[in-house]
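*Asks:* Can you read through this structure? Questions will come right after.
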Amino acid sequence: MGFGKRALYAIERDSESCTHCRICVRQCANGVYRLNPNTAKVTSDEAACVNCRRCVEFCPAGALAIRPALAETISNSFWTRQDLRAIQSQADSGGILLVGMGGGSSIPSYFDRMLLNASQVTNPSIDPLREPMELRTFLGRKPVRLELDEKGRPLGLPPQLELELPVLFSAMSFGSVSLNTVKALAAAAQSEQTCYNTGEGGLHRDLYPFGKNTICQVASGRFGVDIDYLNAGAAIEIKIGQGAKPGIGGHLPGEKVGDDVSETRMIPLGSDAISPAPHHDIYSIEDLRQLVFSLKEATVYAKPIIVKIAAVHNVAAIASGIARAGADIIAIDGCRGGTGAAPLRTREHVGIPIELALAAVDSRLRAEGIRGEVSLVAGGGIRHSADVVKAIALGADAVYIATSALIALGCRLCQKCYTGRCGWGIATQVPELVQRLDAEEGARRAANLLRAWKHEIKEMLGGMGINALESLRGNRLMLRGVGMSDNELRVLGIRAAGE
């Protein structure tokens, strides 16, 4: 968020430890530090600090610390410091407040108020180190009955995404993030046999070798979409909405559209990339069905089609329509989902948590007898392996992660992605900043994250006496709620702890 020239953070420099080596000057992407030529000492412009903490972590003398600036206005529990600063900023600028990453509001995390079951005597636990544990996941439409040929091979099985664990990297477009970021996630997905998502930025020529692990997105701007793009990946995703900004389009500023972004998105060099709020050929479920089957025709029915929607109040009815429109997979993005840029008020006050949306959709599709016609992927606030397990118990087949993946690459959650000055080389197109992220090292760290979660998921499944992920999907008896109202328990379809 921009707040005029008011400093959000105070920079503390230990004068005895500081050697004025100027490393902080070189590392800061926001021009906070300058060398005073008269005194040969480094000075700080605190108003420019975004708390990315790169200077602190790279200071060889450990001489720097960043603290929240003291509030210049008295606040209270209703008029918070953030609200006061927001009013001051809008009075300065007259503009919309922008923010990056996921929601930071006080909406409760239902994942944190759900506990998993564990086996004891009558249903013994399973040791995943000594007994097989199946996490392989197939995403796509499942037939009512399976017909086999004379050799026992399935006939007419709809296309499926085969994953070695139920975690995929969510959509982050080249343009909003650096090419090194996308390369790191693509390589990690290939290593761990899952998928990453191109987002709405098209597919850079260097990423075509990762096609078997690529989900190619078709968004409202249709950037980079042609027949080669559609056939390059393992699946196609139609993006209708995202959790951080339901009902809103996107805008990639022209200064981010360099040669590679221009070529990949198929737009003029230096031009703004505007994604309309709606697809201008989709105004009904029937229109959506036409696009779904157009994409299937273009790819000779060889790839599953995903439709991604934001978690909103009538999400269950929308998902039912999408399933009947021919989609193979429905991706639901909750209100805590991240983004490169969103209006602050939209991010904090529009949409619903993924836990409630997921439970409502799974219940609706089961009640209508069409749950097997689609797979469900949940995203928007998946922080660790326990969230994954709880999401699957609520009805998901798999989950999307994005913010947690970026944190693995080095993101410090300063929420300034929209400025294009990411000091860690992630949300930027500035060449000298992009180089700060080593794609190979990023791939190693992202793969390590998936590998660690895979081990933890197996441990939790074993503790519940379950040896196959399929046995957990939608098994809400494995969940209990703590500190929830009767209505919340009803929507989630779970019991209170102790029952």
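*Asks:* Scanning for something farther than 22 Å from Thr299 by Cβ, of a type in the set (Gly, Ala, Ser), exposed (fewer than 15 other Cβ atoms within 10 Å of the Cβ) and at pLDDT below 95, does segment 156-170 turn up at least one residue?
*Replies:* no
*Asks:* Here's a follow-up. Those residues that are modelled with pLDDT of 95 or more and not in a loop (DSSP other than H, G, I, E, B), I need them from segment 236-259; list them, please.
*Replies:* Ile236, Glu237, Ile238, Lys239
*Asks:* While we're looking at this one, here's another question. Would you call Ile318 in a helix (DSSP H, G or I) and of a type in the set (A, V, I, L, M, F, W, C)?
*Replies:* For Ile318, the condition - in a helix (DSSP H, G or I) and of a type in the set (A, V, I, L, M, F, W, C) - is met.
*Asks:* Taking segment 171-199, which residues are farther than 18 Å from Glu440 by Cα and either of a type in the set (Val, Ile, Thr) or surrounded by fewer than 24 Cβ atoms within 10 Å (Cβ to Cβ) (or both)?
*Replies:* Hit for segment 171-199 is Thr198, nothing else.
*Asks:* Mind listing whichever residues of segment 443-467 are part of a helix (DSSP H, G or I) and among the polar types (S, T, N, Q)?
*Replies:* Within segment 443-467, just Asn448 meets the criteria.
*Asks:* Then there's this: Go through Ala447, Ala402 for me and flag whichever is at pLDDT 95 or above, surrounded by 20 or more Cβ atoms within 10 Å (Cβ to Cβ) and out of contact with any helix residue (DSSP H, G or I) (no Cβ under 7 Å at 6 or more places or on another chain).
*Replies:* Ala402
*Asks:* Just need a number here: residues in segment 414-442 that are closer than 17 Å to Phe174 by Cβ and part of a helix (DSSP H, G or I).
*Replies:* Here the count works out to 7.
*Asks:* Pairs under 7 Å by beta carbon, first residue assigned by TED's automatic domain parsing to the domain that holds Ala189 in segment 427-450, partner surrounded by 20 or more Cβ atoms within 10 Å (Cβ to Cβ) and assigned to a strand (DSSP E or B), six or more apart or different chains?
*Replies:* From segment 427-450, the pairs are Ala427/Val177; Val434/Thr428; Leu450/Val167.
*Asks:* Could you figure out which of (1) out of contact with any Asp or Glu (no Cβ under 7 Å at 6 or more places or on another chain); (2) among the β-branched types (Val, Ile, Thr); (3) under 24 Å from Cys195 (Cβ atoms) isn't true of Val374?
*Replies:* Just one mismatch for Val374, condition (1).
*Asks:* Now, a different point. Based on this model, can you work out whether Cys411 counts as in contact with a Phe, Trp or Tyr (Cβ under 7 Å, 6 or more places away or on another chain), part of a loop (DSSP other than H, G, I, E, B), more than 23 Å from Lys303 (Cα to Cα) and not polar (S, T, N, Q)?
*Replies:* Spelling it out, Cys411 is indeed in contact with a Phe, Trp or Tyr (Cβ under 7 Å, 6 or more places away or on another chain), part of a loop (DSSP other than H, G, I, E, B), more than 23 Å from Lys303 (Cα to Cα) and not polar (S, T, N, Q).
*Asks:* Which members of segment 458-499 meet the condition of being among the basic types (Lys, Arg) and surrounded by 13 or more Cβ atoms within 10 Å (Cβ to Cβ)?
*Replies:* Matches in segment 458-499: Lys458, Arg473, Arg476, Arg480, Arg495.
*Asks:* Applying the selection to segment 292-312, what residues are surrounded by 14 or more Cβ atoms within 10 Å (Cβ to Cβ), in contact (Cβ under 8 Å) with a residue 60 or more places away in the chain and over 29 Å from His349 (Cβ atoms)?
*Replies:* Across segment 292-312, the qualifying residues are Leu295, Ala298, Thr299, Lys303, Pro304, Ile305.
*Asks:* Assess whether Val225 counts as being touching a strand residue (DSSP E or B) at 6+ places or on another chain (Cβ under 6 Å), crowded, with 24+ Cβ neighbours inside 10 Å and not in a strand (DSSP E or B).
*Replies:* Considered against the rule, which asks whether it is touching a strand residue (DSSP E or B) at 6+ places or on another chain (Cβ under 6 Å), crowded, with 24+ Cβ neighbours inside 10 Å and not in a strand (DSSP E or B), Val225 comes out as no.
*Asks:* Does segment 61-77 contain any residue that is touching a Cys at 6+ places or on another chain (Cβ under 6 Å), assigned to a strand (DSSP E or B) and surrounded by 15 or more Cβ atoms within 10 Å (Cβ to Cβ)?
*Replies:* Yes: one or more hits.
*Asks:* Of the residues that sit in segment 105-155 and are part of a strand (DSSP E or B) and of a type in the set (Asp, Glu), which one is surrounded by the most Cβ atoms within 10 Å (Cβ to Cβ)?
*Replies:* Per the criteria, the residue is Glu134.
The values are calculated or read from the model by the stated rules, or taken from the named source; none is laboratory data. Bear in mind that the values here come from a model prediction, so they are computed numbers and not experimental data. In this analysis, Cβ positions are derived from the backbone assuming ideal geometry, glycine residues included, and neighbour counts consider all displayed protein chains.
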